[in-house]
Amino acid sequence: MSVSAVAVRRGLGIVLLVAGVVAAVAMWLGAGRRYDDAIAKLAPAPIGCDTTLVFDEAGTYTFFVETKGQIGQIDGDCASDARSYDVDGVPRVTLALVDDDGDNVDLARTAGPTYDRDGKRGTGVRSVDIDRTGTYVLAATADDTDAVIRVGRDPASGVAALRVGAIVALIVGVVGGVLLLVIRPRQRRVLPTPTIQPPWPTGLPTQPPLGPPSANPPVPPPYAPRPPSVRPPGQPAGQPPWYEPPQRPSGAPVAEPPASAWPPPSSPER
C-alpha cells in the first residue's frame, strides 16, 4: 500500500472515530432533553377544581399524580398562588373526564409510567385514548390537595430509542475508526509476467542456425586434389577428356590416402 493510501485510510479512521463519538454524545443528550421537555409540557390540573383541557392530537394520554414539584399562579375558578410541594406517597384521587358534548369518558386504571427528574416526581394512575380532538373538562378530588394532577404523553416515549441509537453510533464509530487506524490490509504479491517465446516453425530444426551457410565453408580433403582432365593431342572432339596420371618412378612407394579422407579416390579415366 502506498504512503498516500495509508494516509487516506488513517484520515478516514480518525473521521469515523470522531463522528461516532460526537453522534453518540449528541443523541444521548438529545434523549435527556426530550425527556425533560416532555415533563415540562404536562398540563397541570389542581386537585379540588374543574380544569379545562384541550386535546389537539388523538392518541393515548396519561394522568399523573405529581407529588413533588412546583406550580405557577392559577386564575379562574381554581385560583391559587404559585407554590412548591413535596408529598409523601401517592394520595388516592378520583378523576372524571367529560367531553364537549357532556358525556363522561372512560378512564383506564394504570400503574405507571413514572418520572423523577429535575425536582419533579409523578406516578401515572389513569390513561385515556382520545379519538376526537377538542375541549374536555377534568374534575379531580382527593383527601390531600397538596399534590397536582398532570396530563400528557408518556415522557419516556422515544427516549429509549435515542439512547440505543447513541450506543450503536458510539460502537460503530469507535470500532470502525480503530480498525482503520490499526489494521493494515494484506498486500498482494505481484508475480512477474513470464516471457513467452514464439514457437519455432514446424518442420524446421528446433534450434535456429548458428549462422549463414557461408560462415561454415567445406573443409578440403587432406590429400591433393585430382588434376584436371586434359584432352590428349589428336583426340577427336566429342570424346570425353581424360588425364594421364603422373608417372611414378620405378620402385617408389605408393602413397595411400588416410582412412578418414573423403571422398575416396576415383579410378583413372581411360
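Summary table below
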| item | result |
| --- | --- |
| Strands (runs of 3 or more DSSP E) wholly inside segment 64-157 that include at least 2 residues being within 55 Å of the chain's Cα centre (by Cα) and not hydroxyl-bearing (Ser, Thr, Tyr) | 114-117, 120-130, 148-152 |
| Conditions (1) closer than 30 Å to Ala169 by Cα; (2) without any contact (Cβ under 8 Å) to a residue 24 or more places away in the chain: number failed by Asn104 | (1) |
| Tally, over segment 47-77, of residues that are farther than 25 Å from Ala156 by Cβ and either touching a helix residue (DSSP H, G or I) at 6+ places or on another chain (Cβ under 9 Å) or surrounded by 12 or more Cβ atoms within 10 Å (Cβ to Cβ) (or both) | 4 |
| Residues located in segment 11-45, provided they are over 18 Å from Gly119 (Cα atoms) and exposed (fewer than 15 other Cβ atoms within 10 Å of the Cβ) | Gly11, Leu12, Ile14, Val15, Val18, Val22, Val25, Ala26, Leu29 |
| Cross-chain or 6+ apart pairs with Cβ under 9 Å, segment 124-153 first and under 12 Å from Leu95 (Cα atoms), then among the basic types (Lys, Arg) and crowded, with 17+ Cβ neighbours inside 10 Å | Arg150/Lys120 |
| Sole exception among (1) surrounded by fewer than 13 Cβ atoms within 10 Å (Cβ to Cβ); (2) without any contact (Cβ under 8 Å) to a residue 60 or more places away in the chain; (3) among the acidic types (Asp, Glu) for Asp118, by number | (2) |
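Readers should treat all values here as calculations from the given coordinates under stated rules, not as data from a laboratory. This structure is a prediction, so every number in the text was calculated from the model and none was measured. Because the Cβ atoms are built from the backbone with ideal geometry, glycine has one as well, and the counts that use them run over all protein chains shown.
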